[in-house]
Amino acid sequence: MLIRILEVQDEEKRDSIIEKMDKLLDERETLKSSIQAPFTVEELAFGQELLPIEKLMTEKLELFTKEIRFDITDQQKKKVSLHAYMDPYAKVFRDGTFYDKKK
């Protein structure tokens, strides 16, 4: 279910996706803590089948977090550029000096 949720690329549904992921990851952690040795042959085989799925899920989670980080930095850049557009002389030092550009 986590892999299917991570494949959704809709930014408008991102908050609900994060909530679902959080619930599923919490449930996953409780299930992982209940796994204890000794394992039967069937359990070992099932565990070997889960390893590639675990790797895929980890890669998708990392990609999802990178997308979120990129969006956050993009929004911060837009905020700064908008502020610079609204007040272009905010960072100009006004110490009363005049520099003549003609020589």
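The values are calculated or read from the model by the stated rules, or taken from the named source; none is laboratory data. All figures in this text were calculated on a predicted structure; none of them were measured in a lab. Note that we place each Cβ from the backbone using ideal geometry, even for glycine, and neighbour counts take in every protein chain shown. For the accessible areas, the whole protein counts, side chains as well, though only heavy atoms, and no ligand, DNA or RNA atoms are used. Shrake-Rupley method; radii C 1.70, N 1.55, O 1.52, S 1.80 Å.
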| query | Looking at the stretch 32-50, which of its residues are part of a helix (DSSP H, G or I), among the hydrophobic types (A, V, I, L, M, F, W, C) and open to solvent by less than 100 Å² (accessible area, probe 1.4 Å)? | reply | L44, A45, L50
| task | From F98, F70, grab the single residue that is open to solvent by 100 Å² or more (accessible area, probe 1.4 Å) and either at pLDDT below 90 or outside any helix (DSSP H, G or I) (or both). | result | F98
| note | Of (1) open to solvent by 90 Å² or more (accessible area, probe 1.4 Å); (2) at pLDDT below 85, K55 fails just (2)
| field | Tabulated pairs, the stretch 68-87, first of a type outside the set (K, R), second outside any helix (DSSP H, G or I) and open to solvent by 100 Å² or more (accessible area, probe 1.4 Å), C-beta under 8 angstrom, 6+ apart or interchain | value | A84/K91
| said: Based on this model, can you work out whether E27 counts as surrounded by 10 or more Cβ atoms within 10 Å (Cβ to Cβ) and at pLDDT 90 or above? | reply: yes
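Are any residues in the stretch 73-95 among the acidic types (D, E) and either at pLDDT 80 or above or within 20 Å of the chain's Cα centre (by Cα) (or both), and if so, which ones?
D74
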